[in-house]
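Have a look at the structure below, then the notes.
The values are calculated or read from the model by the stated rules, or taken from the named source; none is laboratory data. Predicted model only: the values in this text are computed from it and were never measured. We place every Cβ from the backbone using ideal geometry, glycine too, and count neighbours over all the protein chains shown. The accessibility values were calculated without ligands, DNA or RNA, using every heavy atom of the protein model including side chains. Shrake-Rupley method; radii C 1.70, N 1.55, O 1.52, S 1.80 Å.
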Amino acid sequence: MIILLFDVQKTDISDEVAGAIKRLEKHSDKLRVALNKSDSVSHQHLMKVYGALLWSLGRIISTPEVTRVYIGSFWSEPLRNEDTQNLIETEMNDLLSELKALPKMGAVRKINDMVKRIRQIRVHAILLDRVRTEAPSMFGKGKKKVKLLDKLPHIFRNIMKEHGLAVGDFPDIAEFRRDLDANFSDLKTCPKLVKKEKRLLHLENALNVDIPNLLDELPGINSMGARQGDII
């Protein structure tokens, strides 16, 4: 687990810190955030800071899952604000429970990795099918190929909207363009997606049925605080 500690009075994220957090994106399933000294502000102000921090992190970490932010006051003194005491104690206990459960979470992390791969395969299949559909007779035609490559941001946005897919499931558009440009002639060898619909349904079934059932079979998974948003 990677814990980022923020001071409730200093939640602004500088470019240097944002760059460091961005490097942790590939470990987003292990990333947790703790908002320290939360008992030093009012309940209303705490909620504003909490929301602002989530928004800032969402701009840096582009993953399907929302980064978990724990509210706490990590020192040996008693909590100073009675209005937020119950909330803070609950949040700190949740964090402690997750830390205690780390040795048992190896299986969950492996399932998370499998889910990410399934999501990426699904998106990649849909992307290639759309590109192939929009370029049925463009093979070898340089200008039309460049025009299609320039449309990739539009294609990405349309597919994201049409299929309700998360931006974090999509490949890096610059890398996708480079690979597509280098292997453009191979598009004609890609089968149409209509022939793969059953396979896509299998992927959807794995995400929505098989994996949740698998998680239910893991001993103590509910008490370990595994969140459905991390898996599905």
Quick one: which of LYS30/LYS104; LYS116/LYS188; LYS48/LYS100 span more than 23 angstrom between C-alpha atoms? LYS116/LYS188; LYS48/LYS100
Kindly rank 114-122, 15-23 from highest to lowest mean number of other beta carbons found within 10 Å of each residue. 114-122, 15-23
Amide H of LEU5: which non-local residues (sequence gap of 5 or more, or other chain) have their own amide H closer than 5 Å, using H built in the peptide plane? ALA34
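Give me the accessible area per residue for the chain, probe 1.4 Å, as a whole number in Å². The partial results should precede the final answer.
Values: 14320 Å² over 232 residues.
With all protein chains present, the chain gives 62 Å² per residue.
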R0 = 41 Å: FRET efficiency of ASN183 with ALA107, Cβ-based, nearest 0.05? 0.65
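Test of understanding: given the chain, find the longest segment containing no chymotrypsin sites (Phe, Trp or Tyr not before Pro) that are in a DSSP loop and have at most 14 other Cβ atoms within 10 Å. Walk me through the intermediate numbers first.
Values: sites that count: PHE74, TRP75, PHE139.
Between the exposed loop sites, the longest stretch runs 140-232.
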State, to one decimal in nm, how far the label point of LYS192 lies from the label point of SER42, with both points 7 Å from Cα in the Cβ direction. 6.4
Order these peptides, 142-153, 38-49, by their mean beta-carbon neighbour count within 10 angstrom, highest first. 38-49, 142-153
Amide H within-cut-off set for ILE71, under 5 Å, with H built and near neighbours excluded: LEU35
So, relative contact order of the range 23-122 in percent, Cα under 8 Å, 6 or more apart, is 32
What helix-only [θ] at 222 nm does the chain give? Using -39500 (n - 2.57) per DSSP H run of at least 4, over all residues, to the nearest 500, the answer is -17000 deg cm²/dmol
Kirkwood hydrodynamic radius over Cα pairs of the chain, then Stokes diffusion coefficient at 4 °C and 1.567 mPa s, in µm²/s: 63
Among PRO171, ALA206, GLY58, pick out the residue whose Cα is farthest towards the positive end of the charge dipole of the chain, where Lys and Arg carry +1 and Asp and Glu carry -1 on C-beta, about the Cα centre. PRO171
